[in-house]
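Here's the structure, in structure tokens; my notes come after.
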Amino acid sequence: MNVLNGVITQIQSHEGISLVKAKTTKDIVFTSIVLDTSETAEYLKEGNDIKIIFKETEVIISKDAELNISVQNQIPCIIQSIKTGKLLSQVNLLFGETIIKSIITSNACKQLQLKENDKVMALIKTNEISLSPND
């Protein structure tokens with residue numbers, strides 16, 4: 001699991017669902033859909049410290065800097081290392097001082113011609129981000 005620290009900056013709720021925005025220490029804003037509201041989950045308050053959690057298999061990698069797509073969570077990173085397997089590859093992305101891990105197919109890794117020190121964009125769909133209180 002990838003875990004980043006953040007602070008809740010905005011919450012929009014309707015019918016038991018919340019769209020939560022949280023800013024990391026590197027000023028990147030993540031958006032998450034949460035099946036709770038401020039009334040049902042104590043930690044969902046603007047200004048609260050939280051953990052931003054997402055699986056390695058949910059991190060999409062793009063080499064294009066100008067993306068006109070619906071994925072809101074776009075994180076500029078640098079490839080620190082690549083562990084290539086027969087079917088899957090683990091790409092370790094440097095986001096500031098934090099490592100974000102991505103597991104993609106080895107074919108995709110070859111197709112994108114990924115290599116160490118490449119500047120890439122890590123993408124995570126809003127529904128794939130989980131939030132938890134920062135205990």
- Query: Residue check: is N117 farther than 27 Å from L131 by Cα and free of Cβ contacts under 8 Å to residues at least 60 places away in the same chain?
  - Reply: yes
- Item | Odd one out for T31 among (1) closer than 14 Å to F95 by Cβ; (2) not in a loop (DSSP other than H, G, I, E, B) | (1)
- Query: If a residue has to be part of a helix (DSSP H, G or I) and of a type outside the set (D, E) to count, how many in segment 79-135 make the cut?
  - Reply: 8
- Note on the structure: I50 vs (1) touching a residue at least 60 places away in the same chain (Cβ under 8 Å); (2) touching a Leu at 6+ places or on another chain (Cβ under 6 Å); (3) surrounded by fewer than 17 Cβ atoms within 10 Å (Cβ to Cβ): all pass except (3)
- Message: For segment 9-28, give me the residue count where each residue is under 25 Å from K101 (Cβ atoms), touching a residue at least 24 places away in the same chain (Cβ under 8 Å), assigned to a loop (DSSP other than H, G, I, E, B) and not basic (K, R).
- Response: 2
- Note on the structure: N107: passes all of (1) under 14 Å from E56 (Cα atoms); (2) over 11 Å from the mean Cα position of the chain (by Cα) but (1)
- Message: Condition check: without any contact (Cβ under 8 Å) to a residue 24 or more places away in the chain and buried (at least 16 other Cβ atoms within 10 Å of the Cβ). Does N107 satisfy that?
- Response: no
- Meets criteria (free of Cβ contacts under 8 Å to residues at least 60 places away in the same chain, loosely packed, with under 15 Cβ neighbours inside 10 Å and of a type in the set (G, A, S)) for S81: yes
- Item | Members of segment 30-74 that are of a type in the set (A, V, I, L, M), under 11 Å from K125 (Cβ atoms) and modelled with pLDDT of 90 or more | I33, V59, I60
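The values are calculated or read from the model by the stated rules, or taken from the named source; none is laboratory data. Please read these numbers as outputs of a predicted model, since none were measured by experiment. Don't worry about glycine lacking a Cβ; one is built from the backbone with ideal geometry, like all the others, and counts go over all protein chains shown.
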